[in-house]
1. Pick from the stretch B:171-201 the residues that are crowded, with 22+ Cβ neighbours inside 10 Å and within 12 Å of another protein chain (Cβ to nearest Cβ): which of them is nearest to B:T243 (Cα to Cα)?
2. Spot the failing condition for B:S67; the list is (1) more than 30 Å from B:L180 (Cα to Cα); (2) in contact with a strand residue (DSSP E or B) (Cβ under 7 Å, 6 or more places away or on another chain); (3) part of a helix (DSSP H, G or I), and only one is missed.
3. Which residue is surrounded by the most Cβ atoms within 10 Å (Cβ to Cβ), if the candidates are limited to the stretch B:280-299 and must be over 21 Å from B:Y219 (Cβ atoms) and away from chain A (no Cβ under 13 Å)?
4. Is it the case, given these coordinates, that B:S331 is assigned to a loop (DSSP other than H, G, I, E, B), surrounded by 15 or more Cβ atoms within 10 Å (Cβ to Cβ) and assigned by TED's automatic domain parsing to the domain that holds B:N467?
5. Take the residues in the stretch B:243-269 that are hydrophobic (A, V, I, L, M, F, W, C), touching a Gly at 6+ places or on another chain (Cβ under 8 Å) and more than 23 Å from B:R185 (Cβ to Cβ), then tell me which one is surrounded by the most Cβ atoms within 10 Å (Cβ to Cβ).
6. Please go through (1) within 14 Å of another protein chain (Cβ to nearest Cβ); (2) within 21 Å of B:H238 (Cα to Cα); (3) among the hydrophobic types (A, V, I, L, M, F, W, C) for A:V7 and return the number of the only condition it doesn't satisfy.
7. Go through chain A and tell me which strands (runs of 3 or more DSSP E), entirely inside it, have 1 or more residues that are closer than 30 Å to B:D473 by Cβ.
8. With the stretch B:77-155 as the region, which strands (runs of 3 or more DSSP E) entirely inside it contain at least 1 residues that are touching a residue at least 60 places away in the same chain (Cβ under 8 Å)?
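The values are calculated or read from the model by the stated rules, or taken from the named source; none is laboratory data. Computed from a predicted structure; not experimentally measured. Quick reminder, even Gly has a Cβ in these numbers, built from the backbone with ideal geometry, and neighbours come from all protein chains shown.
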Amino acid sequence: MNQTLSVLDPTSEDRSTEIQLSERIKSIEGSTIGLLDIAKPRGDIFLNQLEKRLTEHGATVLRFMKPTFTKPAPVDLRYEISSKCDAVIEALAD
Amino acid sequence: MAKHANGYELTDGISVVVNSECPTCQLTSDLLVELGTSGHVRIFSQDDPSFPTSAEWVRDDSELSFSWHNDVEAVPTLIQVVNGKEVERLVGWNRKEWERLLEIENLAPGLVDHKPGCGSLSVSPDRVDELEIKFGGRTFISRQVELASLEDEMEAMHDRGWSDGLPVVPPTESRVNRMLAGTSRNSDDIVAIIPPNLVECSVEKVAINAVMAGCLPEYLPVVIACLEAICTDEFNMHGVLATTMGVGPIFVVSGPITERLGMNSGINVLGHGNRANSTIGRAVQLVLKNVGGGAPGGIDRATLGHMGKQGFCFAEAPSPWENLAEGFGFSSEQNTVTAFTGEGPRILVDQKSRSPESLTRSLADGLKSTISTRMVLGMDAMLVVSPEHLSRFTDAGWSRSQFIEKLTELLMIDSDEIIEGAGGIEDGIPSTFGGNQLPKFRPGGLLVVHAGGPAGLFSAIIGGWLNGTKGSDPVTKEITL
């Protein structure tokens, strides 16, 4: 008889939940777009340029900033962005 | 057919536990039959329900329930019970003792006077784990994963994505059960919330990963303390894991436990070769990956990484100086783990300094380049001082705080030399900081640890990562056994 070995699962055994993506914006014009600076050096240079371009295309731009790039954005900040903006762009690195 | 040993409760009278393969049980078998037949004893037979004979008073204990529940360590064992309580227990054959207990004279005059017994099957190493799980009430929350009979179990661990690249020990129920004996905590206690997926991690999950890492059960409390230290807001393990910088958690164990666990604080202390040093940090990393979901190339975005991320743990050596944990308000008698976010160690060589002043200047010179010569205040460092370097200071009567004070004085940086553009280098601090003397490290940002082999005029720097609320602060936790 073949002996089978059983082991205990070392993982969290959590199943990831599927999240419905929010509706994509139809056009930049007339949309409110958030720009999230993650607080890395020179992120502002990139976002300033984006703000200029988006404004030229008729968007309203709101600027946000994480307290530090080493931690996830605080929940209040995420809520503020989601309640004020139709879309958000996050500047990820320097 | 012998009756099955229903239940394991002791009943009034004398019970004898035997095993047919034990020479002492064989020697006394005729006597046992005589005593059973005359109603003086009932027998619990561990391996053969027809030994010493088939009779109503011989109970089948092949499940070892009676033996296990009554802590029988050897056969034959005589247990005397009066009014439901055990009053005496004899082990092996000893005519005088048996005569006294049974209140019968002249027992088996043909036998030798005494003969020691054999080990009980209920404590045999190949049965004890199975019995502990079966009767000890151990239940596992984790899913059982059955491996196919043709699967190589070592390969199976890799195939399921559970390894860190090196072979892991398959976490069978018996191994995990043995591991759990290393802590007094309940297996379903939650140790910490593990980033990045913020998963509640039970003692059992830690034990499974500790088995896989190759830990001994006595290391488990240290692994638990390590996880408690890094899964805090101050340590910010999420950021340490996700950063592109090549850093990881480094654990320094202080206190009497280091000797008890046989940890290395001497030769090759920051290297390989010691089981506790090598597997404690590895177990933590396996938890982060398997439970927290922080896999390299996934949430772990390190551009370069370093080999210490396989697991980086070492013991502090005893010294005349106060230890690292004392610097954080613990006593030298407490067993602690200090977690620090750091890169790989780098050697500082100074083989000629004889005076403490000279060696301090030399070490300060080396420390200035920690992370980058352009970096001040934002990142901490750990300085591992070897015994021969340490003696330069202790011989001259310097204390640890004196040493750090002198180093700090020497670690003032002329900001003009490190502003953006200075020396033709674009990186640097903003030019508005020019014209200042700036400290290389924030107060308390230099962690001094004593460790290393007895010979060799070397120390080591372990550079840190962003400190304070924007990054990671060192965290010390007491180890609870």
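1. Per the stated criteria, the residue is B:P195.
2. The one condition B:S67 does not meet is (1).
3. Across the stretch B:280-299, the extreme among qualifying residues is B:P296.
4. no
5. B:V247
6. It is condition (2) that A:V7 fails.
7. Filter on chain A gives A:32-37, A:60-65, A:87-91.
8. The strands (runs of 3 or more DSSP E) meeting that bar are B:77-82, B:85-91.
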